[in-house]
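Structure first, commentary second.
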Amino acid sequence: MRIAVLGGGHGCYAAAADLSGQGHEVRLWRRDAAALAPVVESRHIVLRDFRGRREVPLALATADIGAAVRGAELILVPTPAFSQQDIARALAPHLADGQVVFLPPGTFGSYVMASAVRAAGNRADVAWAETGTLPYLARKHGPAEVAITTRATRLPTGVFPAAASERARAVIARAYPSIEPADDALSGALMNAGPIIHPPLIVMNAAPLEHFERWDIHNEGTQPSVRRVTDALDAERVAVREALGYGAPHFPLSDHYHTDRWMYGNAHDKLVDSGDWREHIDLASHRYMREDVAYGLAFLVSVADWAGVPCPVARGLLAIGGAIVGDDLSRGPRTLGALGLAGLDRAAMRRLLERGFDA
């Protein structure tokens, strides 16, 4: 299958190498041509995983997004939520009927990107899908090298519009057989693990993150008090899902720490053992704050408010995160209010999620 991978982060390079290694025709696009140059020149990514270290060739590495997505059946966008609007605008002139765009994870980016493409004048019949996590625990080890610690074993995936779910998941399953159905794009967004795991870790580890040059918040930073907050926050997420009529499995984060039922299996031990997450984290700029708090947690709080579900832990973490960075994160761009959806009643929201802009 012809696949375009868009972006230059850890998950993007992991996806490009992994999918190319499976025999797919992979085209990697990155806006920063200078940063992409080592891959362009070598025409491969060095992949390290359980099979060892090896060079994986790519069909194309380019800073031309049109060249990357032309004729692609699947377009993979494993980028932070705050990059989705810009990528959607860059994609808009090039999308064609029948293509599937997959956001792992999405933070309701399926709706956001579809809206941006439509606003740009493209009415192509494109399905937009999102899941709850990256398909990989991965870290780049150089400008053309990535290490994959583990791969996801379960990827609950919602589609916008939901009417296109069967077609979209059939395409995605050829690259990621571990996908599972979620009711719709909002259900998929409410599977997002980042806004549950990372806000307690970055907020409650603020002092050591400022004190130490490098700190592993998934190891030393994951103490019983942090876990209790994570469990309480996740209970609020599940309560929102249940209030909206979404059924189990909800992929509770307790499974991430204790069982093999979560999206990566028993991921926490693998993540800590790799040592790749002992890193320098700037509280103001790190993705855990600027994506998972400012976008993901703000989105969760707004959906909870819309659904009438109390969320004191989520609201408190969002307020403290905002105080740390000196910004009111509850007024960010990824809330239902900012997206113009807070005024919808539940019936109108269901119609939008099922039928898209034709609802």
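The values are calculated or read from the model by the stated rules, or taken from the named source; none is laboratory data. Bear in mind the structure is a predicted one, so any value in this text is a computation, not a measurement. All Cβ positions, even for glycine, are placed from backbone atoms using ideal geometry, and neighbour counts span all protein chains on display. These accessible areas exclude ligands, DNA and RNA; they are computed on the full protein's heavy atoms, side chains included. Shrake-Rupley method; radii C 1.70, N 1.55, O 1.52, S 1.80 Å.
For the chain, the solvent-accessible area with a 1.4 angstrom probe is 39 square angstrom per residue. Ordering of 202-210, 30-38, 230-238 by packing is 230-238, 202-210, 30-38, highest average first (other Cβ atoms within 10 Å, averaged per residue). Compute the Rg to Rh ratio over the range 29-85 from the alpha carbon atoms, using the Kirkwood formula for Rh, and round to two decimal places. Across the range 29-85, the Cα-based Rg/Rh ratio is 1.00. When its C-alpha radius of gyration is set against 2.2 N^0.38 Å (N residues), the chain gives a value of 0.94.
The Stokes-Einstein estimate for the range 12-163, based on a Kirkwood radius over Cα pairs and taken at 4 °C with 1.567 mPa s viscosity, is a diffusion coefficient of 82 µm²/s. For the range 71-141, the equivalent ellipsoid derived from the Cα gyration tensor has semi-axes of 21, 13, 11 Å, listed largest first.
Fully extending the segment from A59 to V40 would add 5.8 nm, taking 0.36 nm per residue of separation and subtracting the current Cα-Cα distance.
These residues, D125, D216, go from largest to smallest accessible area, 1.4 Å probe, as D125, D216.
Pull out the extension gain between A96 and R214, defined as 0.36 nm times the separation in residues minus the alpha carbon to alpha carbon distance; nm, one decimal. Spell out each step's value before the answer.
Numbers: separation 118, 0.36 × 118 = 42.48 nm, distance 4.49 nm.
Here the answer is 38.0 nm.
The length gained by stretching the chain between A342 and T153 to full extension, at 0.36 nm per residue less their Cα-Cα distance, is 64.6 nm.
Please arrange S178, S330 by accessible surface area, largest first, computed with a 1.4 Å probe and ligands excluded.
Ranking S178, S330 by accessible area, largest first, yields S330, S178.
Given R₀ = 56 Å, FRET efficiency for A319-A33 by Cβ-Cβ distance, to 0.05? That pair, A319 with A33, gives E of 0.90.
Can you put D64, D49 in order of accessible area, largest first, using a 1.4 Å probe? Working shown, then result.
Details: D64 80, D49 25 Å².
Output order, biggest surface exposure first: D64, D49.
Note on E242: accessible area approximately 110 square angstrom, rounded to 10, probe 1.4 Å, nucleic acids and ligands left out.
Distance between the pseudo-spin-label points of A67 and A124 (7 Å out from Cα toward the beta carbon): 1.8 nm.
Given contacts defined as C-alpha pairs under 8 Å and at least six residues apart, what's the relative contact order of the range 158-246, whole-number percent?
Values: 54 pairs, mean separation 24.0, N = 89.
The value is 27 percent.
For the listed peptides 4-12, 16-24, a ranking on the average number of other beta carbons within 10 Å per residue, highest first, reads 4-12, 16-24. Solvent-accessible area of the chain (1.4 angstrom probe, protein heavy atoms only): carbon and sulfur portion equals 51 percent. The residues neighbouring F82, those whose beta-carbon lies less than 10 Å from its own, together hold a net charge of +1 under the Lys/Arg +1, Asp/Glu -1 convention. Comparing Cα centroids, the range 156-205 and the range 109-137 end up 12 angstrom apart. At a threshold of 8 angstrom on Cα-Cα distance, excluding pairs fewer than six apart, so keeping six or more, what relative contact order does the chain reach in percent? After rounding, I find 14 percent.
Which of the peptides 186-197, 158-169 is most tightly packed, and how do the rest follow, judged by the mean count of other Cβ atoms within 10 Å per residue? Before the final figure, lay out each step's value.
Working: 186-197: 26.6, 158-169: 22.3.
Peptide ranking by packing, descending: 186-197, 158-169.
A simple charge model with +1 on the Cβ of Lys and Arg, -1 on the Cβ of Asp and Glu and nothing else charged puts the dipole of the chain at about 600 debye relative to its Cα centre.
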